[in-house]
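Below: one structure, written as C-alpha cells.
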Amino acid sequence: MAEGPRPGGQHGETLLFLTDEQLRKGIEAMFFAYKGFTSDPDRILEPRGYGRAHHRAVHFIHRSEGTTVNNLLAILGVTKQSLNRVLRTLIEDGLVESRVGTRDKRERNLYLTDEGKLLERELSDAQQARVRDAFRAAGPGAVAGFRTVLEAMMDPEMRRRYQRLTENAR
C-alpha cells in the first residue's frame, strides 16, 4: 500500500505515505471482508431469528463470564433498550442466565448456559476457520500488522477495554 516511507515521524519512526486511492481500496476491502466475516454467523443465527446483536452479546458474555449488563452496554455501545431486547430473547430461549450480583444486589451478572456455550462455539468455530485461512494465506508478518492496524483504529476507550479483555483471557 505504501508509495514509500518518509522520514519525519515521532521518535525517529518512518511515516508511511498513502494515496487517497490506496486508502479507499483499504476501506473497501474492509467492507467486503466484514461481509465475509459476518456471513457464516448470519447463516447460523438466521433460523433462530437472531441477528448480529445477539451474536455480539453471546460472544462477549462468553469472553467475560459473569460480566454485568452495564459492562456489556459499554462494550457493545448500544442503548439499554436495545440490549434489553436482545438479552430478554437470549434468556427466554435458555441461552443466557442472569444472576443477582454477588457484590451489588442491584447488578445482574450474565452467564451462558450449556446451550448458549454450544451456540457460541458454533459461531466462533465458523469465524475462526475464516480468519485462520486468511492468516495462513497472508503470513505471520501480515497477521501482526493486521492486529496493529485494528488496534490503532480503535477509539482510546475501546482500546483500553479490548486490552483488558485480552489480558484477562491469558
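Values for this structure:
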item	result
Close pairs from the range 55-82: first closer than 15 Å to residue 127 by Cβ, partner open to solvent by 50 Å² or more (accessible area, probe 1.4 Å), Cβ under 8 Å, at least 6 apart	62/117; 63/169
Residues of the range 90-99 satisfying the condition of being open to solvent by 80 Å² or more (accessible area, probe 1.4 Å) and either assigned to a strand (DSSP E or B) or of a type in the set (Gly, Ala, Ser) (or both)	99
Residue within the range 149-159 that is among the charged types (D, E, K, R), closer than 19 Å to residue 54 by Cα, without any contact (Cβ under 8 Å) to a residue 24 or more places away in the chain and open to solvent by 60 Å² or more (accessible area, probe 1.4 Å) present	no
Inter-residue pairs, beta-carbon under 7 Å, first in contact (Cβ under 8 Å) with a residue 60 or more places away in the chain and in the range 20-49, second among the basic types (Lys, Arg), 6+ apart	36/130; 37/130; 40/130
Failed condition for residue 95, given (1) within 24 Å of residue 164 (Cα to Cα); (2) touching a Leu at 6+ places or on another chain (Cβ under 8 Å)	(1)
Residue satisfying condition, being surrounded by fewer than 13 Cβ atoms within 10 Å (Cβ to Cβ) and outside any strand (DSSP E or B), within set 31, 37	31
Number of positions in the range 100-146 that are among the charged types (D, E, K, R), open to solvent by less than 30 Å² (accessible area, probe 1.4 Å) and at pLDDT below 95	0
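Let's see how each residue does on (1) charged (D, E, K, R); (2) in a helix (DSSP H, G or I):
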{"residue": "16", "(1), (2)": "no, no"}
{"residue": "25", "(1), (2)": "yes, yes"}
{"residue": "45", "(1), (2)": "no, yes"}
{"residue": "50", "(1), (2)": "no, no"}
{"residue": "60", "(1), (2)": "no, yes"}
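The rows are residues; the columns are (1) modelled with pLDDT of 95 or more; (2) under 16 Å from the mean Cα position of the chain (by Cα); (3) surrounded by fewer than 12 Cβ atoms within 10 Å (Cβ to Cβ); (4) within 21 Å of residue 108 (Cβ to Cβ).
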| site | (1), (2), (3), (4) |
| --- | --- |
| 50 | yes, no, no, yes |
| 62 | yes, yes, no, yes |
| 68 | no, no, no, yes |
| 80 | no, no, yes, yes |
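The values are calculated or read from the model by the stated rules, or taken from the named source; none is laboratory data. What you see is a predicted model; the values in this text were computed from it and never measured. Quick reminder, even Gly has a Cβ in these numbers, built from the backbone with ideal geometry, and neighbours come from all protein chains shown. Only protein heavy atoms, including side chains, enter the accessible area calculation; ligands, DNA and RNA are left aside. Shrake-Rupley method; radii C 1.70, N 1.55, O 1.52, S 1.80 Å.
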